[in-house]
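Student: Take a look at this one; I'll ask things after.
Just so it is clear, none of the values below were taken in a lab; they were calculated from the coordinates. These figures come from a predicted structure and were not determined experimentally. Cβ coordinates were reconstructed from backbone atoms using ideal geometry, including for glycine residues, and neighbour counts include every protein chain displayed.
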Amino acid sequence: MVDSLRIVSIVGARPQFIKAATVNRAIAAHNEARAGTIIDEKLVHTGQHYDENMSQVFFEELEIPRPAYNLGVGSGTHAEQTGRMLERIEKVLLDEKPDVVLVYGDTNSTLAGALTAAKLNMPVGHVEAGLRSFVRTMPEELNRVVTDHISRLLFCPTPSAVANLAREGISRGVHQVGDVMYDSVLFYARKVAPLEESVLRRLGLAPKAYYLATVHRAENTDHRERLAGIFAAFDRIASEICPVVVPLHPRTVKCLGQYRLQAGKSVHIIDPASYLEMVVLEKNARRVLTDSGGVQKEAYFLGVPCVTLRDETEWVETVEAGWNTLAGCNSDAIVEAVSRAPAAHGATDGALYGNGDAARRICEILKEYRAH
């Protein structure tokens, strides 16, 4: 009789699907190799974020399995959204009876999945454990902290993440595995090469002749002064230094309208890009300006200097290595940070975030956990 490990993976937003897909590919490779324990994974989409780009093409393009469950939670306040998730996730877990529940990152889906599993006395595995911005007013920070403290398996991307957990008294079940996003970028970088020329031509862009900017975090979009400062900086940079391309997030569109703000005429606004298109845009940008944690790391992996539109970052290694500059939301500070950013000099080796085998290591640890 073949031993099996039942896993339920819970995700709620497009970046989490991409991370979960990396682990799913490692699981498939493990099962194909018939290396002892068979891992049976069911993917649950809470529906926290509706993303029209997550069509059938999204799943086919990125080789991501469609979720076994789509809970359709939708938007709402943090309490409303998390409450609906708790109720619906509980039904899934009671039906599936998994050996481990995997959660990713720092969203409300992360917290709800972990909390529901812990209440049912089901082991929780947290991918991207130990990250800290040390700003408890950020919902993401609260989600990370609570999830880590109720997880039994903590998959850390960096030594600093392990150290953060140790300072909070968490040492059992902690594993430094590297970053699954590095695995992902290595995998998809091969796929974007044939797309680069067509994507850039369609948008009227030349390699290394534009800056790429993204803004979506509530700490920026939900405060008029912060959002105004960021877009004023984009306008100055586009007018005086280099074209700025902004794939505009739906939340940002809504807030710009609410605050009666407009992007400057020199700023190149485009629709949200698919993941592969974003990798093309990141890879070919002269600089990246972002408040996204994932984009900060992808810029580092692709060797593109980054200016972060926040006052802090959980990815401190990119700052310490000189690839990332914290600029906040002040227009003058952002423009100055752009001027001080180093010249791009090719892709890094990703060494700060492992060897590109984080997902495989997670599978091995899960298998060993089941054996005990």
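Student: Rounded to the nearest 10 degrees, what's the angle between the helix 14-32 long axis and the longest principal axis of the chain, both from Cα atoms, 0 to 90?
Tutor: 40
Student: Once the piece of chain linking residue 206 and residue 224 is laid out straight, how much longer is it, given 0.36 nm per residue of separation minus the C-alpha distance between them? Provide the component values of the computation, followed by the final result.
Tutor: On the way: separation 18, 0.36 × 18 = 6.48 nm, distance 3.26 nm.
Extending this stretch completely gives an extra 3.2 nm.
Student: Using only Cα atoms, locate the centre of the stretch 69-146 and the centre of the stretch 222-300, then give the distance between them in Å, rounded to an integer.
Tutor: 29
Student: Determine which lysines satisfy two conditions relative to residue 265: a Cα distance under 23 Å, and not lying fewer than 8 residues away in the same chain.
Tutor: Leaving aside lysines fewer than 8 places away in the same chain, those within reach of residue 265 are 208, 254.
Student: Can you work out the PRE-style zone for residue 94? Point 7 Å along Cα to Cβ, and I want the residues of the stretch 106-124 with backbone N under 20 Å.
Tutor: Label zone hits: 112-124.
Student: Where does each of 324-332, 105-113 land if you order them by average Cβ count within 10 Å, highest first?
Tutor: On the way: 324-332: 19.9, 105-113: 27.0.
Taking the mean over residues of other Cβ atoms within 10 Å, the ranking is 105-113, 324-332.
Student: How much net charge surrounds residue 103 when only other residues with a Cβ under 11 Å from its Cβ are counted (Lys, Arg +1; Asp, Glu -1)?
Tutor: For residues surrounding residue 103, the net value is -1.
Student: Mind checking which of 200, 279, 135 is farthest towards the positive end of the chain's charge dipole, using Cβ charges of +1 (Lys, Arg) and -1 (Asp, Glu) about the Cα centre?
Tutor: 200
Student: Rounded, prolate or oblate for the stretch 236-297? Axes are the square roots of the Cα gyration tensor eigenvalues, ordered a ≥ b ≥ c, and the cut-off for rounded is a/c under 1.5.
Tutor: Note, shape of the stretch 236-297 comes out oblate.
Student: A follow-up question, please. Taking amide H positions as placed in the peptide plane 1.01 Å from N, state which residues far from residue 40 in sequence (5 or more) or on other chains have amide H under 5 Å from it.
Tutor: The answer is 5, 6, 7.
Student: While we're on this one: How much mean residue ellipticity at 222 nm does the chain get from its helices, if each DSSP H run of length 4 or more adds -39500 (n - 2.57) and you divide by all residues, to the nearest 500 deg cm²/dmol?
Tutor: -14500 deg cm²/dmol
Student: Calculate how steeply helix 331-340 sits against the longest principal axis of the alpha-carbon atoms of the chain, using the helix alpha-carbon long axis, and give the answer as 0 to 90 degrees to the nearest 10.
Tutor: 80
Student: Amide H of residue 176 versus every other amide H placed in the peptide plane: which residues, excluding those fewer than 5 positions away on the same chain, fall under 5 Å?
Tutor: When sequence neighbours closer than 5 places are left aside, the close amide H contacts are 156.
Student: Please list 176-186, 274-284, 359-369 highest first by mean number of surrounding beta-carbon atoms within 10 Å per residue. Spell out each step's value before the answer.
Tutor: Values: 176-186: 24.8, 274-284: 21.6, 359-369: 20.1.
Result, highest mean first: 176-186, 274-284, 359-369.
Student: Let me ask you something else. Could you list the chymotrypsin sites (Phe, Trp or Tyr not before Pro) in the stretch 77-158 that lie in coil according to DSSP, counting only those with at most 16 other Cβ atoms within 10 Å of their Cβ?
Tutor: Passing sites in the stretch 77-158 are 134.
Student: For Cα extents along the principal axes in Å, several values are listed as (1) 67, 42, 41; (2) 60, 42, 41; (3) 85, 53, 37; flag the one computed from this structure.
Tutor: Looking at Cα extents along the principal axes in Å for this model, the match is (1).
Student: Could you compute the FRET efficiency for residue 241 and residue 136, with r as their C-beta to C-beta distance and R0 at 30 Å, rounded to 0.05?
Tutor: On the way: r = 36 Å, r/R0 = 1.20.
E between residue 241 and residue 136, to the nearest 0.05, is 0.25.
Student: Can you list the aspartates and glutamates whose alpha carbon is less than 18 Å from that of residue 97, not counting same-chain residues fewer than 8 positions off?
Tutor: 3, 40, 41, 87
Student: Filter the trypsin sites (Lys or Arg not before Pro) in the stretch 75-177 down to the DSSP loop ones having no more than 13 other Cβ atoms within 10 Å, then list what survives.
Tutor: Qualifying residues, ordered by number: 136, 172.
Student: In whole angstrom, how long is each semi-axis of the equivalent ellipsoid of the stretch 186-352, when you take the square root of 5 times every eigenvalue of its Cα gyration tensor and sort them from largest down? Before the final figure, lay out each step's value.
Tutor: Working: eigenvalues 106, 70, 43 Å².
Its equivalent ellipsoid spans semi-axes of 23, 19, 15 Å.
Student: Could you pull out every one of the lysines with an alpha carbon less than 17 Å from that of residue 91, ignoring same-chain neighbours closer than 8 positions?
Tutor: Filter leaves 42, 119.
Student: Between helix 358-371 and the chain, what is the angle of the helix's C-alpha long axis to the longest principal axis, kept within 0 to 90° and rounded to the nearest 10?
Tutor: Approximately 20 degrees, to the nearest ten.
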